[in-house]
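The values are calculated or read from the model by the stated rules, or taken from the named source; none is laboratory data. The structure presented is a predicted model; accordingly, all values stated were derived computationally and were not measured. As a convention, Cβ positions derive from the backbone with ideal geometry for all residues, glycine included, and neighbour counts pool all protein chains shown. Calculation scope for accessible area: heavy atoms of the full protein, side chains included, ligands and nucleic acids excluded. Shrake-Rupley method; radii C 1.70, N 1.55, O 1.52, S 1.80 Å.
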Amino acid sequence: MKILLTSKLNYLPALSGASKSDRSLVEGLARRGHRCRAVVPAHSPASNVSARTGGERQFLAELAQRAIDVRETEPGLHSFKHNGVEVSAVVDFRRLDSVLTDQIREFRPDWILVSEDRSYVCLASALAAHATSVVYLCHSQATLPFGPESFAADAGHTALLRRTAGIVTVSRYLKDYLVQWGGLDAAVIAFPVYGQAPFEFHGRFDRGCVTLVNPSQIKGIEIFQQLARARPDLEFAAVPGWATRDGDRRALQRIPNVQLFAASENIDEIFARTRVLLMPSLWGEAFGCLSVEAMLRGIPVLASRLGGLPEAKLGVDYLLPVRPIERYEAHLDECLLPTPVVPDQELAPWLAALDELLSNRASYEGLSAASRQAALAFVATVDVAHFENHLEKLGEGRTPVASRHQEPLERPALSTDRLELLRLLLRKRKN
């Protein structure tokens, strides 16, 4: 099969769960002999993130560090091949849609995978090319255009999702959300994001930090800060990510026993310095593959009983209560995210759980062993072949690829009335 992925998330480096999942998927499909392409942004569009990463310059430095040969096929469009995937990285975020359209016309893919398109522009273009080839990869209820946890409800965007050949999502929680609030079905398939065994063991009762990744309001930064202040004898660490604002960084730097770790695509660099992983999310976490990654390495995880995190904990203690975010203010913050209205949180259950783990070696080591065992059993069931089989099933009865690509893809023609209006506008501008 020929498979084209498009996403508005970073491809290299892949630091979020969704971006790691997407890249691992197409690389896994490439290893199974399929021809795979990706149309992605070269760097994050969020102004503060771009400033910190250096934007295009940092992106090219990242490729050089990995010894990836890259060529500029046209100004602002970098092409390279990585782990079997042909990648087109667009510098100007606004050009992503037009580059995608060109790639669909030239590549003629059997499947177009659209992921995390908050604008739904790329999804619309993919559907215009051939709706029965489009599969939407759903990594977050917040970017869906319906339901109580949506950042922005939009009936038109919902209609686009209804036209896709199928939706794949990462948890039963998200599947249920799609059914309840959008009337849309979805297949739940675990993405092959975890790598290959053996996995290093990092769970240590007597050393390391209590760590939070992507400190931000939606990820429960307030609970983290309160815990750090309540236990000044413990070392805490935060790993800034895609939702971390500059104000969050400054607040963390003011707490003496909190240090900031640099984000890394090699998660073992962070876990080697981690004693307990905190995931006190206040929004419906889609799944939380970071939980599984930590558990694979014997690191205990304290997580919210919210969203997909109960699934990601794999039946292992501890799931703790939070008061979830129920609404967002209209304006976007510097990370281009709606500003949440965060309820006051009860610290006691989190503090009690942390105290139990870090004052009782037997409790810590028992949870560490149970976490590793459950995660190893889960990861043994994860296989990119499940996704491959799903695409083959979706394709049964479709128009063959050779038939539907006899003619070049064209944009819809303008009507006579619209052409006449265009002539009048051009004449007016000329005069």
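Full-extension gain between R207 and V341, please, as 0.36 nm times their residue separation minus the C-alpha to C-alpha distance.
44.7 nm
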Taking the chain as the reference, fit the longest principal axis to its C-alpha atoms, fit the long axis of helix 172-182 to the helix C-alpha atoms, and give the angle between the two in degrees, 0 to 90, nearest 10. 50 degrees
In this structure, among K219/K393; K2/K313; K81/K313; K20/K219; K81/K175, pairs with alpha-carbon gaps over 25 Å are K219/K393; K2/K313; K81/K313; K81/K175
Zone of A369 (label point 7 Å along Cα→Cβ, backbone N under 18 Å): which residues in the stretch 301-319? 301, 316-318
Cα-centred dipole magnitude for the chain, charges only on beta-carbon of K, R (+1) and D, E (-1), debye, nearest 20: 940 debye
Quick check: the angle from helix 96-107's long axis to the longest principal axis of the chain, C-alpha only, nearest 10 degrees? 60 degrees
Once you sort the root eigenvalues of the Cα gyration tensor of the stretch 55-186 as a ≥ b ≥ c, which label holds: rounded (a/c under 1.5), prolate (a/b larger than b/c) or oblate (the other case)? prolate
The chain, Gaussian network, Cα under 10 Å: of A38, A30, A377, the residue fluctuating most is A377
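Compute the length gained on full extension between Q196 and L351: take 0.36 nm times their separation in residues and subtract their Cα-Cα distance, giving the result in nm to one decimal.
Contour length minus Cα-Cα distance gives 52.4 nm.
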Rounded to whole Hz and in sequence order, give me ³J(HN,Hα) for the stretch 216-226 from the Karplus expression 6.51 cos²θ - 1.76 cosθ + 1.60, θ = phi - 60°, writing x for Gly and Pro. 5, 4, 5, 9, x, 4, 5, 5, 4, 5, 5
Explain nothing, just compute: Karplus ³J(HN,Hα) = 6.51 cos²θ - 1.76 cosθ + 1.60, θ = phi - 60°, for every residue of the stretch 23-31 in order, whole Hz, x for Gly and Pro. 5, 5, 5, 5, 5, x, 5, 5, 5
Amide H of V276: which non-local residues (sequence gap of 5 or more, or other chain) have their own amide H closer than 5 Å, using H built in the peptide plane? C209, V210, T211
Entry for Rg/Rh (Cα atoms, Kirkwood Rh) (calculated from the structure that is shown) out of (1) 0.97; (2) 0.99; (3) 1.03: (2)
Hypothetical label at F93: residues of the stretch 312-333 whose amide nitrogen lies under 18 Å (7 Å Cα-Cβ projection): 330-333
Tell me, what is the percent relative contact order of the chain, built from C-alpha pairs under 8 Å that lie six or more residues apart? 13 percent
Specify which residue in the list T274, V179, H82 is farthest towards the positive end of the charge dipole of the chain, using unit charges on the beta carbon of Lys, Arg (+1) and Asp, Glu (-1), about the Cα centre. H82
Could you point to the residue in S119, H139, L9 farthest towards the positive end of the chain's charge dipole, with +1 and -1 charges on the Cβ of Lys/Arg and Asp/Glu respectively? S119
Protein accessible area in the stretch 68-124, 1.4 Å probe - carbon and sulfur %: 46 percent
Normalising by the residue count of the stretch 158-303, find the relative contact order in percent from Cα pairs under 8 Å and 6+ residues apart. 27 percent
Stretched fully, the stretch from S79 through L376 gains (0.36 nm per residue minus C-alpha distance, one decimal, in nm) 103.3 nm
Long-range amide H contacts for D333: which residues qualify at under 5 Å (H placed 1.01 Å from N, peptide plane, sequence gap of 5 or more or a different chain)? T339
Ignoring ligands and nucleic acids, W242 exposes an accessible area, probe 1.4 Å, in Å² to the nearest 10, of 100 Å²
With springs only between Cα atoms under 10 Å apart, run a GNM on the chain and tell me which of S140, S119, S24 wobbles the most. S119
About the Cα centre, and with charges only on the beta carbon of Lys, Arg (+1) and Asp, Glu (-1), how big is the dipole of the stretch 1-47? Nearest 20 debye, please. 200 debye
Folded to 0 to 90 degrees: helix 384-394 orientation relative to the chain principal axis, Cα: 40 degrees
Relative contact order of the stretch 2-138: what whole-number percent is it, with Cα pairs under 8 angstrom and at least 6 residues apart? 29 percent
Looking only at the chain, where both bridge partners belong to it, what percent of the DSSP beta bridges are antiparallel (to the nearest 5)? 20 percent
Using +1 at the Cβ of each Lys and Arg and -1 at the Cβ of each Asp and Glu in the chain, identify which of V379, Q217, F236 lies farthest towards the dipole's positive end. Q217
For H130, tell me the accessible area in Å² from a 1.4 Å probe, rounded to the nearest 10. 40 Å²
